[in-house]
1. Select from region 8-60 the residues that are among the hydrophobic types (A, V, I, L, M, F, W, C), open to solvent by 80 Å² or more (accessible area, probe 1.4 Å) and in a helix (DSSP H, G or I) and write down the one among them that is modelled with the lowest pLDDT.
2. Go through (1) open to solvent by 50 Å² or more (accessible area, probe 1.4 Å); (2) assigned to a helix (DSSP H, G or I) one by one and return the number of the condition ALA63 breaks.
3. Consider LEU68 against the criteria (1) in a helix (DSSP H, G or I); (2) exposed (fewer than 15 other Cβ atoms within 10 Å of the Cβ): it satisfies all of them except one. Which criterion is unmet?
Amino acid sequence: MKFLIFLLDIYGYLIIASAVLSWINVDPRNPAVKFVYSATEPVLMPLRKLIPPIANIDFSPFAAFILLQFLIKILSGL
């Protein structure tokens, strides 16, 4: 169980990295950037459909991070 929580925690950092990378101009062909986007887009894309941008700000990474933290709290309580 602790290993799963550890992996979810690492995934939270990937979501934060994805949000930061979207703010700066990075080369999308960079292998590290490709990895971060390919790891986080399966979670962020459905959230983008549910939460539209407000004033051109994408809140899907914030929502994903909050949901992930909620899931970690539930799992750590078991």
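1. Top of the filtered list is TRP23.
2. With respect to (1) open to solvent by 50 Å² or more (accessible area, probe 1.4 Å); (2) assigned to a helix (DSSP H, G or I), ALA63 is out only on (1).
3. Going through the list (1) in a helix (DSSP H, G or I); (2) exposed (fewer than 15 other Cβ atoms within 10 Å of the Cβ), LEU68 breaks only (2).
The values are calculated or read from the model by the stated rules, or taken from the named source; none is laboratory data. It should be emphasised that the depicted structure is a prediction, and the values quoted were computed from it without experimental measurement. Using ideal geometry, Cβ is built from the backbone for each residue, glycine included, and neighbour counts are taken over all protein chains shown. Just so you know, the surface numbers come from the protein's heavy atoms only, side chains and all, with ligands and any DNA or RNA stripped out. Shrake-Rupley method; radii C 1.70, N 1.55, O 1.52, S 1.80 Å.
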